[in-house]
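The values are calculated or read from the model by the stated rules, or taken from the named source; none is laboratory data. Values in this document were obtained by computation on a predicted structure and should not be read as measured data. FYI the Cβ positions are ideal-geometry reconstructions off the backbone, even for glycines, and counts take in every protein chain you see. Just so you know, the surface numbers come from the protein's heavy atoms only, side chains and all, with ligands and any DNA or RNA stripped out. Shrake-Rupley method; radii C 1.70, N 1.55, O 1.52, S 1.80 Å.
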Amino acid sequence: MTNRSRHLPGQIKLSRRHVLGVLGATSFAGYAGADDRTPSAGSDGTLEAQPFFGLHQSGIVTAQPAAALYCAFDVLAERPIELERLLRIVTERLGFLTKGGEPPATNPQLPPRGSGILGPVVFPDNLTATLSVGASLFDYRFGLATRRPLHLGAMERFQNDALDPSRCHGDLMLQLCSNTAETNIHALRDVIKNTAGLAAVRWKIEGFLPPHIVKTMGADTVRNMLGFKDGTANLDARNAALMDRYVWVGPERGEPAWTVGGSYQVVRIIRTMVERWDRTPLAEQEAIIGRHKGSGAPLGQTHDREDPGYEADPDGQRISLAAHIRLANPRLPETRDNLILRRSYNYSQGISASGQLDMGLLFVCYQADLVAGFVTVQNRLSGEQLEEYIRPVGGGYFFALPGIPDAGRYLGQSLLEAV
Amino acid sequence: MSASWLSRTLIFAGLVACLGSHAQIAAAADSVAPLAKDTSSHPRGQLSPDLSAALDACRTYVVTQADEFVRRTRAFVDAVKTGRLAEAKSLYAYARQPYERIEPVAALFGDIVKRMDVRADEFELRERDPAFIGFHRLEMSLFAEGTTAGLAEIAERLASDSTELQQRILATPISPTRMVGGASALIESIAATKISGEEERYSRTDLWDFQGNIEGSKAIFVLLRPLLEQDQEFVARVDRNYRRVEDVLSRYRAAGDFAPYDRLTSRDRNALKGPITLLAEDLSTLRARLNLD
């Protein structure tokens, strides 16, 4: 067994994912070689670290690790100076947690500084921590109203939504992704403890992906709780030009200057009625989604990454015009601006009042333009037949802050100091 | 042969009266395009004459229930609008019941259903949301607040929505898969929201809805049963599970009314869960047994 205390923070290596991300920025070509995708022998991933500083925050184009935690906060601070203190503390803690190291010793007569669930030395475990702000932060409290990103508002109700107010919105959203649930929980407990009096947890949800698929680094696609491959046709997050076009807010968008380098974040808790879905004929499941369940290929095709070929099927004989994948992305020239970067997880938590499983999709996406992106896609999907089997019950719209270059800055500084 | 079984089953379901309007309905149905966002397909091959006749009878059942729904809703709405509180309360669950029998077909018209049958917990603002109208908004005032005051507009909207639903059902072809699938969809509705008693939270009349869903499901099954003769074991099992549900429900019914949902013991709730789940599993194979897809 690895003795983690042997490793000093300075020895922590840059992860393969980060290397891939850098390569992806320059080489457009498909997937990296198999050697790059295979975890090195003996590596358990606990010492792999993702960068915390940069033009953009990590956790958006970073390859998804197996575990995610989303926690929305209400800011308790009442004055701008307290909000600044909150953001400085959060930045300092996230910087430490994503890098790892040994916390300072404490007097045993006092409570320990951290939860200790990772052991005496914190290891990074591929943790990314991504901080976003909700529309409510731009209310009267902090004088930020004029600096609100143009499209940022409270998430509206779409026709199939049954939004539970105890699982919606928030002043801040903290996305934690890492190799294991414990690492995310460790980070969350650390942040909560260190922001006492300044922020209160509003709601939280955890998600997971199968580690064996995650290890293929994108060569294989995760299945959702409906049993279908989900994300096959997603934007390639390693393609920097695509990300600049679809994900990152750039100066050309007419947004407040402080937003450049950030991204609109949508989080949706979408419950799937799995008992009922499991009692639906396979052919109907496939017609509703538009893909073969086994291979993930578009109906009538063989491979999951094949083009659905809509131009050869204008009347929806093969893939119904109402199929989920066709409504979500019709692949027409005029719908190219609606592409989004999806970064979803599966979730499972308890049961409904009827004794049915409460599980589904923790849908997350990023885009440079919320209206052209998620809102347009969701409006196209409204009324789809899949709605009989799914129910969005929570979530919110947020804006992922731009990255910071080094420890001399804090997350949100460009927002607070904007004029 | 098919004519004789058809008439027997129609008598069973108590539907003979409405056969006359049927040709007219079919004619109207042909002229309307299928719904935009429904992937269910009409079978490419010809349906057998027996299956075709059974599906026609199912459609007649749906149309009859839609008519009955309009009639009962009108009486309920009139009671609300004229301030007859006790009468309005007594008509509430009764008015909903025909709708509960045909819920999967009504669901094709989501815009109407979202007005008529929306529950407060579909809104973040819950009861305070101005879009919270329809049956359950009236239910809240009548049962939780004990008043008919200020309800006239919502009540009238409900009545006109019920009429619109009836007209749109008449004008829309219902695919065989949707129609046959209704038998299981009604059971799914029980399993998802009726068994928990979350549907009628102010009036506690959930068992009325429960009964309506069961009746609607069984009506479709009974009309199709003669086509399932080769599956005697399946038919017997489904019949048995309907009966188990009906037996439990009957213990909570007296003088044409159901006991409030909170009287249902946890033991009986579990006694319902078993046959409901078995029905859901069995009826999910109905379309395949009829070779519909």
Quiz item: Which of the residues belonging to the range B:170-207 are of a type in the set (Gly, Ala, Ser) and under 18 Å from B:Tyr242 (Cα atoms)?
Solution: B:Gly181, B:Gly182, B:Ala183, B:Ser184, B:Ala185, B:Ser189, B:Ala191, B:Ala192
Quiz item: Of all residues in the range B:115-135, which are part of a helix (DSSP H, G or I) and farther than 17 Å from B:Gln166 by Cβ?
Solution: B:Ala120, B:Asp121, B:Glu122, B:Arg126, B:Glu127, B:Arg128
Exercise. Provide a single number: the residues in the range A:158-216 that are free of Cβ contacts under 8 Å to residues at least 40 places away in the same chain and part of a loop (DSSP other than H, G, I, E, B).
Key: 1
Practice problem: Answer with yes or no whether A:Ile288 is within 14 Å of chain B (Cβ to nearest Cβ), farther than 27 Å from B:Leu283 by Cα, buried (at least 20 other Cβ atoms within 10 Å of the Cβ) and not acidic (Asp, Glu). | Solution: no
Quiz item: What tally of residues in the range B:134-159 results from selecting those that are among the small types (Gly, Ala, Ser) and crowded, with 16+ Cβ neighbours inside 10 Å?
Solution: 4
Self-check item: Positions within the range B:273-288 being part of a helix (DSSP H, G or I) and either polar (S, T, N, Q) or within 11 Å of another protein chain (Cβ to nearest Cβ) (or both), in sequence order
Solution: B:Lys273, B:Ile276, B:Thr277, B:Leu279, B:Ala280, B:Glu281, B:Asp282, B:Leu283, B:Leu286, B:Arg287, B:Ala288
Practice problem: Find the residue count for the range B:112-128, including only residues that are over 17 Å from B:Glu156 (Cα atoms), out of contact with any Cys (no Cβ under 7 Å at 6 or more places or on another chain), open to solvent by 30 Å² or more (accessible area, probe 1.4 Å) and at the interface with chain A (Cβ under 9 Å from one of its Cβ atoms). | Solution: 3
Quiz prompt | Search result, residues across the range A:350-362 that are open to solvent by 60 Å² or more (accessible area, probe 1.4 Å) and at pLDDT 95 or above | solution = A:Ile351, A:Leu357
Self-check item: Among the residues listed as A:Ser166, A:Ser178, A:Ser115, the single one being of a type in the set (Ser, Thr, Tyr), more than 30 Å from B:Ala120 (Cβ to Cβ) and either surrounded by fewer than 19 Cβ atoms within 10 Å (Cβ to Cβ) or within 14 Å of chain B (Cβ to nearest Cβ) (or both)
Solution: A:Ser115
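Yes/no matrix, rows are residues, columns are (1) surrounded by 19 or more Cβ atoms within 10 Å (Cβ to Cβ); (2) away from every other protein chain (no Cβ under 14 Å):
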{"residue": "A:Arg318", "(1), (2)": "no, no"}
{"residue": "A:Ile325", "(1), (2)": "yes, no"}
{"residue": "A:Leu341", "(1), (2)": "yes, yes"}
{"residue": "A:Ser348", "(1), (2)": "no, yes"}
{"residue": "A:Cys365", "(1), (2)": "yes, yes"}
Exercise. Identify all residues within the range A:367-383 that are touching a strand residue (DSSP E or B) at 6+ places or on another chain (Cβ under 9 Å) and within 14 Å of chain B (Cβ to nearest Cβ); write none if there are none.
Key: A:Gln378
Practice problem: Kindly check whether there is at least one residue in the range B:207-226 that is touching a residue at least 60 places away in the same chain (Cβ under 8 Å), farther than 15 Å from A:Gly355 by Cβ and open to solvent by 40 Å² or more (accessible area, probe 1.4 Å). | Solution: yes
Self-check item: Selected residue (criterion: nearest to B:Ala259 (Cα to Cα)) from residues of the range B:84-106 that are in contact with a Leu (Cβ under 7 Å, 6 or more places away or on another chain) and open to solvent by less than 10 Å² (accessible area, probe 1.4 Å)
Solution: B:Tyr92
Practice problem: Could you tell me whether any residue of the range B:172-191 is farther than 28 Å from B:Arg267 by Cα, among the β-branched types (Val, Ile, Thr), open to solvent by 20 Å² or more (accessible area, probe 1.4 Å) and more than 14 Å from chain A (Cβ to nearest Cβ)? | Solution: yes
